[in-house]
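First comes the structure, then the notes that go with it.
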Amino acid sequence: MNTPYMAKITVTADYVALVATKLVLGAVTISCPPSNKGVVNFKGPGFTDIPWVAGEWHVFHGIDLSLIQVKGTANDLVTLVGSTDREGGV
């Protein structure tokens, strides 16, 4: 069965994980809405402080979302839309 997943993360000035516990989706689109005021910095295993601008989005397959952290302008957003199968990224 294919299960959808959607979440909204409110960005703070300190790093916070995208999700609190291990979550591996078949496909997920991670995006920074165009309404964000500043860049959102991403870090995870093997990378740190990768800035995404407002309106930027990328599709990932089979990654553990709990290993990715974000920080940036307070109250900006990061959205996650995906599903349990590999075709679920939007």
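Hey, how many Å between the Cα centroid of region 27-56 and the Cα centroid of region 1-25?
Each part's Cα centre sits 13 Å from the other's.
Taking R0 as 25 Å, what's the FRET efficiency between Lys22 and Ala74 from their Cβ-Cβ distance, rounded to 0.05? Working shown, then result.
Numbers: r = 27 Å, r/R0 = 1.08.
In this case the efficiency is close to 0.40.
Can you give the alpha-carbon Rg of the chain over 2.2 N^0.38 Å, where N counts its residues? Don't jump to the answer; show the numbers that get you there.
Numbers: Rg = 12.3 Å, N = 90, 2.2 N^0.38 = 12.2 Å.
Relative to the rule-of-thumb radius for its length, the chain sits at 1.01.
Using θ = phi - 60° and the Karplus curve 6.51 cos²θ - 1.76 cosθ + 1.60, what whole-Hz ³J(HN,Hα) does each residue of region 54-62 get, with Gly and Pro shown as x?
Using θ = phi - 60°, the values come out as 4, x, 7, 8, 8, 9, 10, 10, x Hz.
Each reported figure results from applying straightforward, stated rules to the coordinates on display, with no laboratory input. Predicted model, so just to flag it, every value in this text is computed and none were measured. When we count neighbours, we look across all protein chains shown, and the Cβ atoms used for this are built from the backbone with ideal geometry, even at glycine.
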